[in-house]
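Enquirer: My questions will all concern the structure given below.
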Amino acid sequence: MLGAEVTFDVALPKIVWGWLVSTNMWAKSIATGTFLLGLYFIKKYPEQDSFFRKWVPILGLIFIGITLLVTVLDLHHMFRFWKIFAFAHFTSAVTLGAWVVSGFVIILLIAFWSWVTGNKKLFDKVMIPGFILAFFATIYTAGIMGEATGREVWVFPSEMISMLLSAMIAGSAAFLIVDAIYGKVLKENVRRELGYILFGSAGIAAAMFIGELFFAKMHSEFAYKVVEQLAFGEVAPFFWGGMFLTFIIPMILVGIANENRKYHYAFLGALSAIVGLWLIKHAWLIAPQTLPLS
Amino acid sequence: MKSIKPLGGWPMRLGFLVDLSRCMGCMACAVSCKAENNVPLHSWRLRVKYIDQGEFPNTKRHFVPLRCNHCDNAPCERICPVSALHYLPNGIVNVDHDRCIGCASCMMACPYNAIYLDPITNSADKCTYCAHRIEVGMMPACVVACPTHANIFGDLDDPESEISKYLQQHRDVMVRKPELNTHPKHFYVRGSTVALDPLASERPEGYTLFTEVKFLDHIGGN
């Protein structure tokens, strides 16, 4: 600071992308995370695949539906949404995302039809394209963040890995919750493995957040100020709430659950992770928008 | 300055230069821009920021006109999902209001806060260097209105243009945020960090000269 202050200026737009965009990222993590993990468990435990063949399309369609709904609601011209297909501009990660998610919805509909009709081979045929589309549906938001040159913290190199870890956290937590609600239909080894995935993903994601935000060298003054906002500013309650609920509490509860075979702790840990994930995504989204760019 | 040229190249590359030593903060440019382009209340294509520096009696005031930088490597153009933001052959980054879907990605991408969502049309909008006036051979409205000729506008590719000569004759030419690789075509002469870096000055809440509003919570008509 050079002993200077702005004495006259116009009012600047503050939060342009708000809770609808946070919800978009959160719901997409659940949809793609359940799909990616669902494929893994179907392949690894074919004797228990009925649970995953049922819940992969149901959870996927519900949460990708929420993603699409909030995306369209956030548009200031929601009835022009079709233009993203008619006038597609493929340098934009927004465009690529719209196309990839549309493809992913088709795969989910096929998976749903496969479950309804009991035709397992139908889902098996679309597993590879489904994996590819779910993977890119998970990470395209990192592309949008990378293109958002004005908001530097979004442009961190590990954003893509962070999105994948979010999907793993959300996917494993969602399956643990469904399993608990429907009377523990999964065998113990699958439930334990879901717990380990949640534990591991939360641990790695927390380490990345802490390492990148607090131990790494900030590449600009703007990025440094954003980290100040996250840690001590107006979004700090979201950030620290998210850190505890998404990473620390689930790790403790899932750890207890798997160690002592008391799986209701895993259910609570999974709930905590799902709630916390929204908070931390919201903090991440809002913080760079609280600073003036001009 | 590296240019992202289309096949066949640009016929010209229009740019802006503000000599900050000439600007006296009269706002004629901002008012003429509003009138010329029907810019609604609470929205600005061009604004002039006042920054006071130092302590009495050793104080100085900086006036900084801020508008779209019409970057050669424009992040807003790259992120726009429907090409509503696009390059014109003269280097201007233009907006197609009818094409815009109102996703605000361009507002997130622009590092200069130069784009707004028009609360009436709900489409993104910004300074177009008065492309409609240039098309018929007129200067942008802000250039005409400036009483001190602080705004200098012209073809950067023409070595005989006033802007090119100004750039050649002055050593203290600055652009905003050059580290972001956007290659702005908007230059400042006799600028300073205080004037051009938004984080080099405080934005105190509630006691600016004419307004107490620091941020708009409501964006556009959504």
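The values are calculated or read from the model by the stated rules, or taken from the named source; none is laboratory data. Note that the structure is a prediction, hence the values are computed from the model and not measured. Note that each Cβ is placed from the backbone with ideal geometry, even for glycine, and that neighbours are counted across all protein chains shown.
Enquirer: Would you mind finding the one in A:THR7, A:THR91 that is more than 20 Å from the chain's Cα centre (by Cα), among the polar types (S, T, N, Q) and in a loop (DSSP other than H, G, I, E, B)?
Expert: A:THR91
Enquirer: In the range A:239-294, what residues are more than 24 Å from A:MET25 (Cα to Cα) and polar (S, T, N, Q)?
Expert: A:ASN258, A:ASN260, A:SER294
Enquirer: In this structure, is B:LEU46 crowded, with 24+ Cβ neighbours inside 10 Å and more than 8 Å from every other protein chain (Cβ to nearest Cβ)?
Expert: yes
Enquirer: Among the numbered conditions (1) within 14 Å of chain B (Cβ to nearest Cβ); (2) crowded, with 16+ Cβ neighbours inside 10 Å; (3) not in a loop (DSSP other than H, G, I, E, B), tell me where A:PHE85 comes up short.
Expert: That leaves (2) as the condition not met.
Enquirer: Also, quick follow-up: Answer yes if at least one residue in the range A:55-70 is touching a residue at least 12 places away in the same chain (Cβ under 8 Å), within 14 Å of chain B (Cβ to nearest Cβ), over 23 Å from A:MET127 (Cα atoms) and not in a helix (DSSP H, G or I), and no otherwise.
Expert: no
Enquirer: Going through the range A:135-173 one residue at a time, which ones are more than 22 Å from A:LEU36 (Cβ to Cβ) and of a type in the set (Val, Ile, Thr)?
Expert: Hits for the range A:135-173 are A:THR149, A:VAL153, A:VAL155.
Enquirer: B:LYS165: surrounded by fewer than 17 Cβ atoms within 10 Å (Cβ to Cβ), at pLDDT 95 or above and of a type outside the set (Asp, Glu), yes or no?
Expert: Yes.
Enquirer: Something else: Among (1) among the charged types (D, E, K, R); (2) more than 23 Å from B:CYS110 (Cβ to Cβ); (3) at pLDDT 90 or above, where does B:LYS185 come up short?
Expert: (2)
Enquirer: Can you tell me which residue among A:VAL105, A:VAL100, A:VAL116 is within 14 Å of chain B (Cβ to nearest Cβ) and assigned to a helix (DSSP H, G or I)?
Expert: A:VAL100
Enquirer: Follow-up. Taking the options A:PHE41, A:PHE112, name whichever one is among the aromatic types (Phe, Trp, Tyr), at pLDDT 95 or above, surrounded by fewer than 19 Cβ atoms within 10 Å (Cβ to Cβ) and under 25 Å from A:LYS187 (Cα atoms).
Expert: Of the residues listed, the single one that is among the aromatic types (Phe, Trp, Tyr), at pLDDT 95 or above, surrounded by fewer than 19 Cβ atoms within 10 Å (Cβ to Cβ) and under 25 Å from A:LYS187 (Cα atoms) is A:PHE112.
Enquirer: I would also like to ask the following. Quick one: count up the residues across the range B:80-104 that are out of contact with any Lys or Arg (no Cβ under 6 Å at 6 or more places or on another chain), over 25 Å from A:THR141 (Cβ atoms) and assigned to a loop (DSSP other than H, G, I, E, B).
Expert: 7
Enquirer: What pairs come up if the first residue lies in the range A:280-294 and is farther than 14 Å from A:PHE209 by Cα, the second is part of a helix (DSSP H, G or I) and basic (Lys, Arg), and their beta carbons are under 8 Å apart, counting only those six or more places apart or on different chains?
Expert: From the range A:280-294, the pairs are A:LEU291/A:LYS225.
Enquirer: How about the range B:13-41: which of its residues are of a type in the set (Ser, Thr, Tyr) and part of a helix (DSSP H, G or I)?
Expert: Passing the criteria: only B:SER32.
Enquirer: Answer yes or no: is there a residue in the range B:53-60 that is within 14 Å of chain A (Cβ to nearest Cβ), in a loop (DSSP other than H, G, I, E, B) and closer than 23 Å to B:HIS97 by Cα.
Expert: no
Enquirer: Grab the helices (runs of 4 or more DSSP H) fully contained in the range A:219-294, keeping just those with 3 or more residues being under 30 Å from A:ARG191 (Cα atoms) and either aromatic (Phe, Trp, Tyr) or within 14 Å of another protein chain (Cβ to nearest Cβ) (or both).
Expert: Helices (runs of 4 or more DSSP H) meeting the threshold: A:236-242, A:264-286.
Every residue, every condition in (1) within 14 Å of chain A (Cβ to nearest Cβ); (2) touching a Pro at 6+ places or on another chain (Cβ under 9 Å), yes or no:
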residue	(1), (2)
B:ARG99	yes, no
B:LEU117	yes, yes
B:SER123	yes, no
B:ARG133	no, yes
B:VAL143	no, no
B:PRO147	no, no
B:LEU156	no, no
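Enquirer: Also, I was wondering about something else. Which residues, counting only those in the range B:62-79, are part of a loop (DSSP other than H, G, I, E, B), more than 15 Å from A:GLY146 (Cβ to Cβ) and either facing chain A (nearest Cβ under 9 Å) or not hydrophobic (A, V, I, L, M, F, W, C) (or both)?
Expert: Matches in the range B:62-79: B:ARG67, B:ASN69, B:HIS70, B:ASP72.
Enquirer: Can you tell me which of A:ILE204, A:ILE177 is surrounded by fewer than 18 Cβ atoms within 10 Å (Cβ to Cβ), among the β-branched types (Val, Ile, Thr) and in a helix (DSSP H, G or I)?
Expert: After applying the criteria, what remains is A:ILE204.
Enquirer: Quick one: in the range A:119-134, of everything that is part of a helix (DSSP H, G or I) and farther than 18 Å from A:LEU37 by Cα, which residue is nearest to the chain's Cα centre (by Cα)?
Expert: A:LEU122
This table checks each residue for (1) more than 24 Å from A:ILE197 (Cβ to Cβ); (2) in contact with a Ser or Thr (Cβ under 7 Å, 6 or more places away or on another chain); (3) in contact (Cβ under 8 Å) with a residue 40 or more places away in the chain; (4) crowded, with 23+ Cβ neighbours inside 10 Å.
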| site | (1), (2), (3), (4) |
| --- | --- |
| A:GLY130 | no, no, yes, yes |
| A:PHE135 | no, no, yes, no |
| A:GLY143 | yes, no, yes, no |
| A:GLY146 | yes, no, yes, no |
| A:VAL153 | yes, no, yes, yes |
| A:ILE161 | no, no, yes, no |
| A:SER166 | no, yes, yes, yes |
